[in-house]
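The values are calculated or read from the model by the stated rules, or taken from the named source; none is laboratory data. Because the structure is predicted, anything quoted here is derived from the model rather than measured. All Cβ positions, even for glycine, are placed from backbone atoms using ideal geometry, and neighbour counts span all protein chains on display. Protein only, heavy atoms only, side chains kept; ligands, DNA and RNA dropped before computing areas. Shrake-Rupley method; radii C 1.70, N 1.55, O 1.52, S 1.80 Å.
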Amino acid sequence: MTRRGISGIFTAEADLEVCGEASSAEEAISMLEKLTPDLIISDIAMEGRNGLDLLKDLRVMHPKVKVMMISMYPEAVYAQRALKAGATGYLMKQEAPETIVTAVRQILSGGIYVSER
């Protein structure tokens with residue numbers, strides 16, 4: 001439900017396109033063999049391996065792909081862990097839907113985005 005909701009937010013944005021969705025870290029890595037996204041949005045809590053483990057793999061396998069982590073966990077510890085592991089952004093799921101669009105645009109333009117909370 002979260003994945004589809006996030007994907008739906010971008011349908012109204014003419015300059016942004018969702019090129020794929022994955023339900024697990026393994027599926028995401030497999031999809032990257034066929035797709036070349038500019039940005040990956042990954043939840044920290046994932047089926048199987050967690051999003052931080054996926055992030056570490058992505059830094060090795062696809063170092064140029066930008067990764068924004070999303071999470072329901074507000075602790076600054078998770079944002080720090082994600083950024084130290086190579087994420088270019090961290091966003092709380094509780095943020096307003098338009099915030100994810102702002103975050104994605106900021107990251108794609110070369111910046112880093114961290115949820116204000």
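Which lysines have a Cα lying under 18 Å from the Cα of Lys84, excluding residues fewer than 8 positions away in the same chain? In chain and number order, the partners are Lys56, Lys64, Lys66. Taking amide H as placed 1.01 Å from N in the peptide plane, the amide H of Asp43 sits under 5 Å from that of Ile70, each at least 5 places away or on another chain. Computed over segment 44-104, the P(r) curve from all C-alpha pair distances, binned at 5 Å from the origin, holds 4, 19, 29, 25, 16, 6, 0 percent per bin. For Ser23 and Ala96, the FRET efficiency from 1/(1 + (r/R0)^6), where r spans their Cβ atoms and R0 equals 30 Å, is about 0.75. For a paramagnetic label modelled on Leu108 (point 7 Å from Cα along Cα→Cβ), amide N atoms under 19 Å away belong, within segment 18-58, to 18-22, 32, 35-43. About its Cα centre, the chain has a charge dipole of approximately 340 debye under the convention of +1 per Lys or Arg Cβ and -1 per Asp or Glu Cβ, with nothing else charged. Label-to-label distance, Ala12 versus Gln80, with points set 7 angstrom from Cα along the beta-carbon direction: 3.6 nm.
Taking amide H atoms as placed 1.01 Å from N in the peptide plane, the amide H of Val114 lies under 5 Å from those of Tyr90, each 5 or more residues away in sequence or on another chain.
Report note on the peptides 15-25, 97-107: ranked by the mean count of other C-beta atoms within 10 Å, highest first, their order is 97-107, 15-25. Distance between the 7 Å Cα→Cβ label points at Met72 and Glu116: 2.4 nm. Hey, rough spin-label estimate for Lys34 and Glu47, points 7 angstrom out along Cα→Cβ, what's it come to in nanometres? Going from the Lys34 label point to the Glu47 one covers 1.6 nm.
With Rh defined as the Kirkwood radius, the inverse of the mean 1/r over Cα pairs, the Rg/Rh of segment 1-95 is 0.93. Atom-type composition of the exposed protein surface of the chain places 52 percent of the accessible area on carbon and sulfur (1.4 angstrom probe). Spatially, segment 1-19 and segment 40-91 are offset by 19 Å when compared through their Cα centroids.
Dividing the summed -39500 (n - 2.57) terms of all DSSP H runs of n ≥ 4 by the residue count of the chain sets its mean residue ellipticity at 222 nm at -12000 deg cm²/dmol.
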